[in-house]
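S.K.: Take this structure first; my questions come after.
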Amino acid sequence: MSTVVTDNVALIRSAYEAFGRGDIPAVIDALAPEVLWIETQGGPYGGVYEGPQAVLEGIFARVGTDWDGFVCDVERVLADGDTVVGICTYRGTYRATSRAMAARVVHVWEVREGQVQRMEQFVDSEQLNAAAR
């Protein structure tokens, strides 16, 4: 594995680890100023977020408000050049309904020059939506 690929995997693993310990500023620090963050359409946060502040406000702040015990269990991290893929499961309990969920998710990260340029999420959004109903 090349040094670039190893560094890219390390960046994404560190972002997952930071999220796991609740260190959202460390996750945001991994994002490029022009990052595009794409959430699955049809899910509760579906859409495109441009820039770290939009990701912070549109995703992380809302997840922190809406869910108890929200975690992203990382199963595998794979890489090919600048592309890193995380295969994970989201788990948590939606506060307003007290309904638990587990949803499979894949994140496709594009990393250049040590920063996340783009992240696209593919999630079983019905699991998230069902917890909110």
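We did not get these values from a lab; they are worked out from the coordinates using the rules stated. Predicted, not measured: the structure shown is a model, and the values here were computed from it. Every residue, glycine as well, gets a Cβ built from its backbone with ideal geometry; the counts of neighbours run over all protein chains shown.
S.K.: Among (1) -0.59, -1.10; (2) -0.61, -0.93; (3) -0.67, -1.18, find the value of log10 I(q)/I(0) by the Debye sum over Cα atoms at q = 0.14, 0.19 Å⁻¹ that was calculated from the structure presented, and write down its label.
M.R.: (1)
S.K.: How far apart, in nanometres, would the label points at GLU57 and ARG13 be if each is projected 7 angstrom from Cα along the Cα-to-Cβ direction?
M.R.: Roughly 3.5 nm, to one decimal.
S.K.: Still on this structure, I have one more. Full extension from ALA102 to THR83: what is 0.36 nm times the residue separation minus their Cα-Cα distance, to one decimal in nm?
M.R.: Full extension from ALA102 to THR83 adds 4.3 nm.
S.K.: Which percentage, to the nearest 5, of the DSSP beta bridges contained in the chain is antiparallel?
M.R.: The antiparallel proportion sits near 90 percent.
S.K.: Using a ≥ b ≥ c from the Cα gyration tensor of segment 37-97 (square roots of the eigenvalues), is it rounded, prolate or oblate, where a/c under 1.5 gives rounded and otherwise the larger of a/b and b/c decides, a/b for prolate?
M.R.: oblate
S.K.: Hey, fewest Cβ within 10 Å first, where do VAL9, VAL108 land in order?
M.R.: Neighbour counts put them in this order, fewest first: VAL108, VAL9.
S.K.: Arrange ASP29, ASP68 by Cβ neighbour counts within 10 Å, fewest through most, would you?
M.R.: Exposure proxy ranking, most exposed first: ASP68, ASP29.
S.K.: With angles folded into 0 to 90 degrees, how steeply does helix 3-20 sit against the dominant principal axis of the chain? Use alpha carbons for both and round to 10.
M.R.: 20
S.K.: In addition: When Lys and Arg each count +1 and Asp and Glu each count -1, what net charge do the other residues less than 13 Å away from TRP67, Cβ to Cβ, add up to?
M.R.: +2
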